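Take a look at the structure below.
The values are calculated or read from the model by the stated rules, or taken from the named source; none is laboratory data. The structure presented is a predicted model; accordingly, all values stated were derived computationally and were not measured. Note: ideal-geometry Cβ built from the backbone for every residue, glycine included; neighbour counts use all protein chains shown.
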Amino acid sequence: MVLKVFNTLTRKKEVFKPIDKGHVRMYVCGPTVYNYIHIGNARPAVVFDTVRRYFEYQGYKVNYVSNFTDVDDRLINASKERGIPVPQIAEQFIKAYKEDTEALNVKAATVHPRATETMPEIIAFIHKLVDAGYAYESKGDVYFRTRRFKEYGKLSHQSIDHLKSGARIEIGESKEDPLDFALWKAAKPGEIKWASPWGEGRPGWHIECSAMVEKYLGDTIDIHAGGTDLTFPHHENEIAQSESLHHQMMAHYWLHNGHIQINHEKMSKSIGNVILVHDLIKKYDPQVIRFFILTVQYRHPINFSDALLSDAVQAFGRLKTTHYNLSHRLDHEVSSDQLNETIVEKYRAPFTEAMNDDFNTANAIAVLFDSARDANIALQKTQTPESDLAAYLKVLTELSGVLGLKLADESDSILDSEVETLIKKREEARKNREFAVADAIRDQLKASGILLEDTPQGVRWRRGRE
RNA sequence: GGCGGCAUAGCCAAGCGGUAAGGCACGGGUCUGCAAAACCCUUAUCCCCGGUUCGAUUCCGGGUGUCGCCUCCA
């Protein structure tokens, strides 16, 4: 069973072969930190974090680099509007990014380089391009000579002449060719700037990724990833920059995630339907959001709505409940270290098969539900051996962990003494067949979000699903 | 105009040559003091028209619909 990944470069699923055995070097384009991230930014974060976790699960050591674009036009505009310096805005939203992605259980990258902290490498990179004749200075700007790079368009599968029609020249720019793109932009009065051989200014958008990939991962890496919209021009331009200099492939595999739509419409500022993760996690369990994102194959678009998210709450709750019920049952019996490996393997195999098929998390999640159903059947039998129950618990914990889904909340295991007393009182009442008293206590607890369930192994409680 | 994706039950979503995974919702049942949780049962001529094939949801051609990219939007 081998891992296959869909490569935008070839438009085919290809067998994944790492450059170095046992190692994966991947780069994921990160956000421009001028605002809180929206769910569209969350998707690549979640999806490629899952890719990373799966590689690690398979025993690879992953060097995962993801940048912060902390200087560009949007940051400069935000700075003007708010009257706050660019670095301060960047700092604010890098912090927010970390909080939001952490809530979604996205692991921190091995390195999170920032454009402003990579300035010497960026300038050196541009310098080499100029020396090699691939770039030229013009009125303090530096542009890449797109037509010089013969393979331009290979990623987006566009011929350079077709791209020509869309190219444009902004006011104030003086390019040799409309297709040329900026590597360095001269600072306008009052703008944040860095010194360079071409005067004071700041980097263009694409060059930071080329410089960072080179700095942290090398001339050729295994995987380069990002949102589908980055295919062109961003990644195409990165390829042009890096490959014209290094004369070797920038990345062997290019992965792109599909977009998120809101009620079947594109999410955009002009429509006014941008949903920020910052706001969404106040309303929904972040784990549910992660789960929802992973229920669809990463390359396909996902529609987003409250109704769909509510369904996801129910569905994810089912996995949590099964997980919890297993833990509860094992808690009440003598625990054993032995577990039924046959059961574990029964689900591990199809799970791996699903993930090996271009990270088909939809099918992987279906395996989780299959195991949950079988676990529930096992739970209903009073004579099920602990080795089986422990195996189901292991399956759910291990496989959900690969997807970065947390099935257990810390808060689920803490019960204050007052509630505990009430539960005991209710048990007393039930023994005495005072059901009215027992039910009243149950209702009371329900009102405060504690649901009681009577099982052959005793009363079981859990927090209500939101 | 160029390039591409998608179209599967009420909803979401896998499958992609041998007559359809999984989830949510609905209905019926079992279990329970009553519940809850859970389990069982029930629900699909796979957008249309041609073609290839013993056989197509799956491959090819043509439609229709829909979404996206085409210079700084994940």
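Summary of computed values
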| read-out | value |
| --- | --- |
| Of residues in region A:347-365 being under 20 Å from the mean Cα position of the chain (by Cα) and within 14 Å of A:Val395 (Cα to Cα), the one nearest to RNA strand B (Cβ to nearest atom) | A:Ile365 |
| Options A:Thr50, A:Thr32, A:Thr10, A:Thr101; residue that is buried (at least 20 other Cβ atoms within 10 Å of the Cβ), under 23 Å from A:Asp222 (Cβ atoms) and within 13 Å of RNA strand B (Cβ to nearest atom) | A:Thr101 |
| Failed item in (1) surrounded by 13 or more Cβ atoms within 10 Å (Cβ to Cβ); (2) in contact with a Lys or Arg (Cβ under 8 Å, 6 or more places away or on another chain), with A:Gly449 passing the rest | (1) |
| Any hit, region A:153-175, residues being part of a loop (DSSP other than H, G, I, E, B), under 31 Å from the mean Cα position of the chain (by Cα) and more than 13 Å from RNA strand B (Cβ to nearest atom) | no |
| Condition met for A:Tyr27 (modelled with pLDDT of 95 or more, outside the structural domain of A:Asn360 (by TED's automatic domain parsing) and under 16 Å from the mean Cα position of the chain (by Cα)) | yes |
| The one condition in (1) within 30 Å of A:Pro350 (Cα to Cα); (2) surrounded by fewer than 16 Cβ atoms within 10 Å (Cβ to Cβ) that A:Gly404 fails to fulfil | (2) |
| A:Val402 at pLDDT 95 or above, among the β-branched types (Val, Ile, Thr), within 29 Å of A:Ile302 (Cα to Cα) and more than 10 Å from RNA strand B (Cβ to nearest atom) | yes |
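Let's see how each residue does on (1) closer than 14 Å to A:Tyr36 by Cα; (2) acidic (Asp, Glu); (3) outside the structural domain of A:Lys21 (by TED's automatic domain parsing):
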position: A:Phe68; (1), (2), (3): yes, no, no
position: A:Leu75; (1), (2), (3): yes, no, no
position: A:Val86; (1), (2), (3): no, no, no
position: A:Ile94; (1), (2), (3): yes, no, no
position: A:Lys107; (1), (2), (3): no, no, no
position: A:Thr118; (1), (2), (3): no, no, no
position: A:Glu121; (1), (2), (3): no, yes, no
position: A:Lys139; (1), (2), (3): no, no, no
position: A:Val142; (1), (2), (3): no, no, no
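Listed here are the residues, each with its yes/no results for (1) over 39 Å from the mean Cα position of the chain (by Cα); (2) within 14 Å of RNA strand B (Cβ to nearest atom).
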position: A:Asn376; (1), (2): no, yes
position: A:Leu389; (1), (2): no, yes
position: A:Leu415; (1), (2): no, no
position: A:Leu422; (1), (2): yes, yes
position: A:Arg442; (1), (2): yes, yes
position: A:Ala447; (1), (2): no, yes
position: A:Leu452; (1), (2): no, yes
